[in-house]
Amino acid sequence: MADQDKKDPLLEKRTSRRSFLKNSGLTVGGLIVGGAVGTLIGRETNETTTTVDPKKAPTPQGDGKANPNAALMFFTPNQFDIANAAVERIFPADDNGPGAQELLVAYFIDHQLASGWGMNAKEYMSGPFYPGEETQGYQGSLNRQEIFTVGLQAIENHSKEKYEKSFVELSGEEQDAVLTDFQDGNVEMKGVSSNYFFNLLRSTTIEGVYADPLYGGNANMAGWELKKYPGHQMSYFNMIEQEEFEVIEPKSLSSQHNH
Amino acid sequence: MATTLPKTDVVLIGVGWTGGILAAELTKKGYQVVGLERGRGRSTSDFIMVHDELRYALRYDLMQDLSKETITFRNNDKMRALPMRQYGSFLLGTDLGGSGVHWNGQTWRFLPYDFQIRTMTEERYGKDKIPEDMMLQDWGITYDELEPYFDQFDQMAGISGEENPHGGKRSNPYPTGPMKHTPVMTLFKEACENLGYKPFTQPSANLSESYTNPDGIARAACQYCGFCERFGCEYGAKADPTVTVLPVAESTGKFDLRTHANVVEILHEGNRATGVRFIDVQSGEEFIQPAEVVAVTSYVLNNVRLLLQSGIGKPYDPKTGTGVIGKNYAYQNMCASTTGFFEEREFNVYAGAGSLGMCVDEFNGDNFDHSNLNFLHGANIFLGQLGKRPIQNNAVKPDTPSWGAKFKEESIKYHNRSISFNAQGASMPFRYHYLDLDPTYKDAFGNPLLRMTYDFKEQDNEMSKFMASKTEEIMKEMGASEIIVMKEKGPYNIVPYQSTHNTGGVIMGDDPSTSALNSYLQMWDFENIFVPGASAFPHNSGYNPTGTVGALSYRAAEGIDLYLKNGGSLV
Ligand SMILES: Cc1cc2nc3c(=O)[nH]c(=O)nc-3n(C[C@H](O)[C@H](O)[C@H](O)COP(=O)(O)OP(=O)(O)OC[C@H]3O[C@@H](n4cnc5c(N)ncnc54)[C@H](O)[C@@H]3O)c2cc1C
Ligand code: SF4
């Protein structure tokens, strides 16, 4: 079947949503009302993104069911969208294989932020706080949840200032330009430098590409496959001396737990 | 308020490598030993789910909880010291077995030169060779005197290896043969041989073959699983206290282990310790454990802190150069990091072990002439194949951005096509590098944090440049098409991981005015306190510390036995 012949799922979704909206009593004169749920539906209806819809990624079990892990523990849907767009610029889909969106990296980040790590639980967060030298490391009082909240908002504000558009509406090149401003530390942020936030976003993205899928990213171990990394294997005793490169089918920790 | 427990012969503050060795040796001799460990118990069964890079390597699952206790740091005493809020430069172990559970197992004996460094340096180059602010001093013990204790550690742990052509004399060969050689190691080995060096296999506490030690403890061979340093070994193949010395101590029936027991003070009357005060961190209850001998075995940083906090020994004052506790803090000069790219070959680098590798020692210690060089000592050049895990390893060519399409493409392409190694340089002590108590920041119990004042010096930078010229040459010889070498050292920065080889602060020596301990690791002015650990090193060598820490622990065990029999100062 030729590509054009396939039904466009995105279009289909839009049509059905539109008719749903019409009949749902959530619109008044074409504008959406209905509080948080209403805006949620509206937001999805206005979606123009053409990248992969991560929510439709199959479960790791490959049973065709929707992935129950693809839901939010910390981000608001709006924050999620910004993060989801940003991670794809950091680790984009290309000929080598999937990018961060398809690997569900933004979900990984969301779940990590909801954990003790997001609240810097095992880190020294007592005052007094002083700026300090670079050699002394992070000295801010914001935890990672707060940094992401401030940072994603700053991405949005900076996009609007620079291009008069939301970050998610920008072209790839424009998104890169915004992120580069953060990387270079050129964006004013309260409590943390934009460069610190960018580095955190970058490192967490890479974690989400390659961490065991049990954390919600690295969907289907496709991140590992990019690097021909076998994940969890019991032993390499019999091949450690081997000359030829060997691609081993990756295994995640779920294979260890459920065997 | 505090409950006083029955008196014991020996109390250990912390049960990692040093505490574990003392526990085994002293209970075997019939003494009653109480081990107080602030963390939880540990065993191999904790590590069924251990092949998890995020949890262990990046979220530091096995490390000390910094929200409760950390250190403060500054590069020099003009700066305000600020807390190490997150992990970076070094990692601190906790729980039974301490850092011994999640170490690599690279096991060295320091060189004969190390133990007599001042004497031998002056003999060869004259007094002027040593800069005035470099606090170089002899250790009060020689390699030959320490050799039997090195041997004890090797036999206990089953160290795998082959003769180091530049090492000190050994009374016994390595108890197990060298680890297997991978193609990457062979490439390095041949390149070094072509350059006229004598490469040898990294001595390893990851067992190359199954082994039964003199205590009858049997362990399996390493599986090269690639999750070793920062991780625990689910096979028990990596020598750690929980699979070697602690089962021996337990089998004697004389070892009373108390976990969740955080020691906050060493109690003393006059120049004699009477015991320790600790808090059960689960119940919040406070206890006093009286003891005949107090062994401070809580890793370098807490060894220093507990002594200072308890008012034991004379604190070091860099202005006058007097006092000893906190003096000669040194580190490790990890330098000359070199990455080579190989377009044509892919290597199975996902496999590996914590101390799998090849090294050369031609430029370590005083194995080469320093007459025309502006640094002392040297480095072990080491290529390790530890298991290249994907989150932390993303080598790309110079000028490649750190994110985006190009980054992705290269970090994937070169994951199995690049090789890195570096030089592990010695770290010399300087007058203004020291440890004391922080005036501002406190731990969870309200006690002051330890304050570290430390920076890299010209010595480190000069060594780095020299080593970089050697590592680059080796990498070229290995046939890399493109090479990145880090030549210069910036200031010491607590953010990037470098090494958990903190040393000094409670140093050994032959003179009570310049050292805290005698050659039995016994305090000069508190005869019933023994402080084994890398805190006893007057400087740090171009090697990992634990082989030498282990030897000093066996020496201390003998000292404690002698003291309990005869009393008094042992030297
Ligand atoms: C990732 C990593 C890799 C390493 N690799 C190597 C290597 O390859 N080769 C090498 O030679 N060395 C290596 N090391 C260093 C090695 O682990 C240490 O040298 C060794 O464990 C030191 O023994 P120790 O007994 O002094 O401290 P530890 O083994 O850390 O034990 C100290 C114990 O004291 C406890 N403690 C601390 N304070 C208190 C208190 N107040 N009350 C009660 N208990 C307390 C701690 O919880 C801990 O269990 C590595 C370290 C790390 C972190
Ligand atoms: S590499 Fe070897 S010693 Fe290290 S954890 Fe794996 S099996 Fe154990």
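The values are calculated or read from the model by the stated rules, or taken from the named source; none is laboratory data. Predicted model only: the values in this text are computed from it and were never measured. Heads up, the Cβs are rebuilt from the backbone with ideal geometry, glycines too, and the neighbour counts pull from every protein chain shown. Quick note on the areas: whole protein, heavy atoms, side chains included, nothing else; ligands and nucleic acids left out. Shrake-Rupley method; radii C 1.70, N 1.55, O 1.52, S 1.80 Å.
Miscellaneous remarks
- Extension gain, A:Glu246 back to A:Glu161 (0.36 nm per residue minus Cα-Cα distance, nm): 25.6 nm
- Electrostatic dipole magnitude of the protein assembly as shown [Cβ: Lys, Arg +1; Asp, Glu -1; Cα centre; debye, to 20]: 1600 debye
- Exposure of A:Arg202 as accessible area (Å², to 10), given a probe of 1.4 Å and all protein chains: 50 Å²
- Solvent-accessible surface ranking, highest first, for B:Asp9, B:Asp95, B:Asp510 at 1.4 angstrom: B:Asp510, B:Asp9, B:Asp95
- Total accessible surface hidden between B and A, rounded to 100 Å², 1.4 Å probe: 5900 Å²
- Listed pairs A:Lys190/B:Lys68; A:Lys162/A:Lys190; A:Lys160/B:Lys397; B:Lys413/B:Lys489; B:Lys238/B:Lys408 exceeding 25 Å between Cα atoms: A:Lys190/B:Lys68; A:Lys160/B:Lys397; B:Lys413/B:Lys489; B:Lys238/B:Lys408
- Once Rg and the Kirkwood radius are both taken over the C-alpha atoms of chain B, their ratio Rg/Rh works out to 0.95.
- A:Glu102 accessible area, assembled protein chains, probe 1.4 Å, Å²: 80 Å²
- Extending 7 Å from Cα along the Cβ direction at A:Asp184 and again at B:Lys198 yields two label points whose distance is 5.5 nm.
- Proximal charge balance of B:Lys489 [Cβ under 12 Å; K/R count +1, D/E count -1]: -2
- Taking the Cα centre of chain B as origin and assigning +1 to Lys and Arg Cβ atoms and -1 to Asp and Glu Cβ atoms, the resulting dipole is close to 1020 debye.
- For A:Ser203, solvent-accessible area (1.4 Å; no DNA, RNA or ligand), Å²: 40 Å²
- Computed lengthening from B:Glu462 to B:Phe445, 0.36 nm per intervening residue step minus Cα-Cα distance: 1.9 nm
- FRET efficiency, B:Ser171 to B:Lys565 (Cβ-Cβ, R0 25 Å, nearest 0.05): 0.45
- Lys/Arg +1, Asp/Glu -1 at C-beta; segment B:3-565 dipole; positive extreme among B:Ile412, B:Val50, B:Ala379: B:Ile412
- Under 11 Å from a label point set 7 Å out along the Cα-to-Cβ vector of B:Glu190, the amide N atoms of segment B:468-511 belong to B:478-479.
- Stretching the chain fully between B:Gln282 and B:Ser513 yields a gain of 79.0 nm (0.36 nm per residue, less the alpha carbon separation).
- Span from the segment B:202-238 Cα centroid across to the segment A:198-259 one, whole angstrom: 23 Å
- Ranking by accessible area, most exposed first, for B:Arg170, B:Arg431 with a 1.4 Å probe: B:Arg431, B:Arg170
- Neighbour cut-off at most 14 other Cβ (10 Å), DSSP loop, GluC sites (Glu not before Pro), segment B:459-524: B:Glu488
- Efficiency of FRET between B:Met79 and B:Lys28 - r from beta-carbon atoms, R0 41 angstrom, step 0.05: 0.30
- Segment A:77-223 shape via C-alpha gyration tensor axes, a/c threshold 1.5: oblate
- Global form of segment B:18-174, assessed from the alpha-carbon gyration tensor, a/c cut-off 1.5: oblate
- Within the accessible area of the protein assembly as shown (1.4 Å probe), percent carbon and sulfur: 49 percent
- Anchor B:Lys169: lysines whose Cα lies under 18 Å away (excluding residues fewer than 8 positions away in-chain): B:Lys198
- Spacing of the two label points (7 Å from each Cα toward its C-beta) at A:Ala114 and A:Met73, in nm: 0.6 nm
- Farthest toward positive dipole pole in segment A:77-223 [+1 Lys/Arg, -1 Asp/Glu at C-beta], among A:Ser193, A:Phe167, A:Val178: A:Ser193
- Global form of segment B:428-571, assessed from the alpha-carbon gyration tensor, a/c cut-off 1.5: prolate
- Shown are A:Phe245, A:Phe129, B:Phe188, whose ranking by accessible area with a 1.4 Å probe and every protein chain present, most to least, is A:Phe129, A:Phe245, B:Phe188.
- Farthest towards the positive end of the charge dipole of segment B:3-565, among the residues B:Gly559, B:Phe188, B:Tyr434, is the Cα of B:Tyr434, using unit charges on the Cβ of Lys, Arg, Asp and Glu.
- Span from the segment B:144-196 Cα centroid across to the segment B:93-124 one, whole angstrom: 15 Å
- Bridgeable lysines around B:Lys7 (alpha carbons under 25 Å apart, same-chain partners fewer than 8 residues away excluded): B:Lys28, B:Lys29, B:Lys254, B:Lys565.
- Cross-link reach list, lysines versus B:Lys78, counting only Cα pairs under 19 Å and skipping chain neighbours closer than eight places: B:Lys319, B:Lys327, B:Lys457
- Segment B:432-446 and segment B:481-528: distance between their alpha carbon centers, rounded to Å: 18 Å
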